[in-house]
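What follows is a set of notes on a single structure, which appears directly below.
The values are calculated or read from the model by the stated rules, or taken from the named source; none is laboratory data. These numbers were taken from a predicted model, which means no experiment stands behind them. Methodologically, a virtual Cβ is constructed for each residue, glycine included, from the backbone with ideal geometry; neighbour enumeration extends over all protein chains shown. The area values use the complete protein model at the heavy-atom level, side chains included, leaving out ligands, DNA and RNA. Shrake-Rupley method; radii C 1.70, N 1.55, O 1.52, S 1.80 Å.
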Amino acid sequence: NFRTQDVWQVEAAARFIEGRDQMVISKTGDGKTFCFLLASLCSLDRTIVVLTPLISLEDCHVATARKYGLKAVAIN
């Protein structure tokens, strides 16, 4: 059972999995990371590029992706 505010995350992840390009813009703490992590775990043969304005957030994204066995790199 998803809360109403969580539906966009599942829809965004589904679009990634379908191979559709998209841009997700949302405020800090809304759960954007979930979208690309879910898509990455379901599409191991694809490359997903995530842009973020903070180096510390890049490092967090890379660490989280690697925790789940994904290949990840931060370029800054």
Inset, instruction - Would you kindly work out the equivalent ellipsoid of the chain from its C-alpha gyration tensor and give its semi-axes, the square roots of five times the eigenvalues, largest first in whole Å? - result: 19, 16, 12
Inset, instruction - State the percentage of accessible surface on the chain attributable to carbon and sulfur atoms; use a 1.4 Å probe and exclude ligands, DNA and RNA. - result: 57 percent
Inset, instruction - Determine ³J(HN,Hα), in whole Hz, for all residues of the stretch 61-69 in sequence, where each value follows from phi through the Karplus function 6.51 cos²θ - 1.76 cosθ + 1.60 and θ = phi - 60°; x replaces Gly and Pro. - result: 4, 5, 4, 5, 4, 5, 4, 8, x
Legend entry - Choice from T52, T64, T33 showing the highest fluctuation, given a GNM over the chain with Cα pairs closer than 10 Å: T52
Legend entry - For the chain: relative contact order, % (alpha-carbon pairs under 8 angstrom, 6 or more apart): 23 percent
Inset, instruction - For every helix of n ≥ 4 consecutive DSSP H residues, a contribution of -39,500 (n - 2.57) applies; sum these over the chain, divide by its total residues, and give [θ] at 222 nm rounded to the nearest 500 deg cm²/dmol. - result: -14000 deg cm²/dmol
Inset, instruction - Name the longest site-free stretch of the chain, where the excluded sites are trypsin sites (Lys or Arg not before Pro) in a DSSP loop with no more than 16 other beta-carbon atoms within 10 Å. - result: 47-70
